[in-house]
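Inspection log for the structure reproduced underneath, given as structure tokens.
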Amino acid sequence: MPRMTTGEIMAKSLIANGVDTVFGIPGAHMYDFNDAIAREAESIRFIHTRHEQGAGYMAYGYAKSTGRVGAYTVVPGPGLLNSGAALCTAYGANAPVMCLTGNIMSHLIGQGRGQLHELPDHLG
């Protein structure tokens, strides 16, 4: 089996689980994923949004109107935080919404070096 990037694994996993649409904004930490989605364009489409909260609410609307998983992607840190209200709305409405995000390089987590999109406790 050929080696795959994390983004390729994510894209293929989404497709294998019936996800056909991802909403979001490409960003530095997610370029690999967005590239993989573009290569799988016959099986999954990417709908670009203008704001992270819009991506989350579009995924929510998609989930509520189709009954399918509404997937969206944002960059970590402020991107994830900007989409928080939409994710909470989906959670409260029992809508099947999934947020896909990345993180800073693992060896820099918790170092407080001010990396792009760094949060002190991203997983928390």
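Could you check the range 22-33 and list, in sequence order, the residues that are on the phi < 0 side of the Ramachandran plot and buried (at least 19 other Cβ atoms within 10 Å of the Cβ)?
Within the range 22-33, Val22, Phe23, Ile25, Gly27, His29, Met30, Phe33 qualify.
Any idea which residue in the range 36-53 is most open to solvent (accessible area, probe 1.4 Å), counting only those that are over 14 Å from Val75 (Cβ atoms) and out of contact with any helix residue (DSSP H, G or I) (no Cβ under 6 Å at 6 or more places or on another chain)?
Residue satisfying both the conditions and the ranking: Arg50.
Just the residues that are within 21 Å of His48 (Cβ to Cβ), touching a Phe, Trp or Tyr at 6+ places or on another chain (Cβ under 6 Å) and open to solvent by less than 20 Å² (accessible area, probe 1.4 Å), please, taken from the range 63-104.
Gly70, Tyr72, Ala86, Ala90
Cβ contacts < 7 Å: first residue part of a loop (DSSP other than H, G, I, E, B), restricted to the range 1-13; second residue surrounded by 12 or more Cβ atoms within 10 Å (Cβ to Cβ), any location; separation 6+ or different chain. Result?
That search, which allows pairs on different chains as well, returns Thr5/Asp32; Thr5/Ala36.
The values are calculated or read from the model by the stated rules, or taken from the named source; none is laboratory data. Since the model is a prediction, treat every value here as computed from it, not as a measurement. Glycine also receives a Cβ, built like all others from the backbone with ideal geometry; neighbour counts cover every protein chain displayed. Only protein heavy atoms, including side chains, enter the accessible area calculation; ligands, DNA and RNA are left aside. Shrake-Rupley method; radii C 1.70, N 1.55, O 1.52, S 1.80 Å.
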